[in-house]
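Read the structure below first, then the notes.
The values are calculated or read from the model by the stated rules, or taken from the named source; none is laboratory data. The structure presented is a predicted model; accordingly, all values stated were derived computationally and were not measured. With ideal geometry, Cβ positions are generated from the backbone for all residues, glycine too; neighbour counts draw on all protein chains shown. These accessible areas exclude ligands, DNA and RNA; they are computed on the full protein's heavy atoms, side chains included. Shrake-Rupley method; radii C 1.70, N 1.55, O 1.52, S 1.80 Å.
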Amino acid sequence: RVLSKAPASAGDTPPPRLERGEAYYPLDARLTTADMPTHVRRIITSSDITEIVKARLANFKRYQRSAQRLRPMQSFALQLPDATCPWVYPVLLEDRALWDYRLRDAGVALHTFGIYLHSSLFSRGDPRAIEDARFLAERMLCLSIHQDLSEADIDRNCVIIENMLSHAHQP
């Protein structure tokens, strides 16, 4: 599949903007009907899903217990619905764009939510949905809680976040 795609040349794709997320996340329609690759199926079927859920919940709760220390970050999900396997620990942070790369460079495992939004939101979304999406895109960070992170990893991330944010907000 990779070899059948023509190499992209510089200048073919305009730089992504908030309103042009599809340029940043291109879709190959041929892959929408593709079956799961065999090696992926083997990984999934050989994984202990119960243990993965247990580890992710523990990591989520560990961040949750440290939430007060991470101010001015605010927890976005104070409680999880029953039978939830969280993907990340979502937080809101003013001026997120100033922090995500710094925190990542300092070793904090995270994802940035919605840096680029798909243009269909702007052509079909109602004004409130657009406002909400922009709000989240400008403020949301998703701290990693995957099952391979240890308690020590989460604690180290909390110390890094606490130190960086507290020093930045001192008079």
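At a glance:
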item: Where a residue in the stretch 94-115 is in contact (Cβ under 8 Å) with a residue 60 or more places away in the chain and its partner, wherever it lies, is crowded, with 17+ Cβ neighbours inside 10 Å and part of a loop (DSSP other than H, G, I, E, B), with Cβ under 6 Å and at least six apart; result: 99/93
item: The stretch 110-149, residues that are loosely packed, with under 13 Cβ neighbours inside 10 Å and in a loop (DSSP other than H, G, I, E, B); result: 126, 148
item: Residue satisfying all of: in the stretch 19-75; in a loop (DSSP other than H, G, I, E, B), under 25 Å from residue 113 (Cα atoms) and open to solvent by 60 Å² or more (accessible area, probe 1.4 Å); modelled with the highest pLDDT among these; result: 71
item: Check on residue 79, at pLDDT below 90, among the polar types (S, T, N, Q), closer than 30 Å to residue 51 by Cα and outside any helix (DSSP H, G or I); result: yes
item: Selection count where residues are open to solvent by 50 Å² or more (accessible area, probe 1.4 Å) and of a type outside the set (S, T, N, Q), scope the stretch 76-106; result: 16
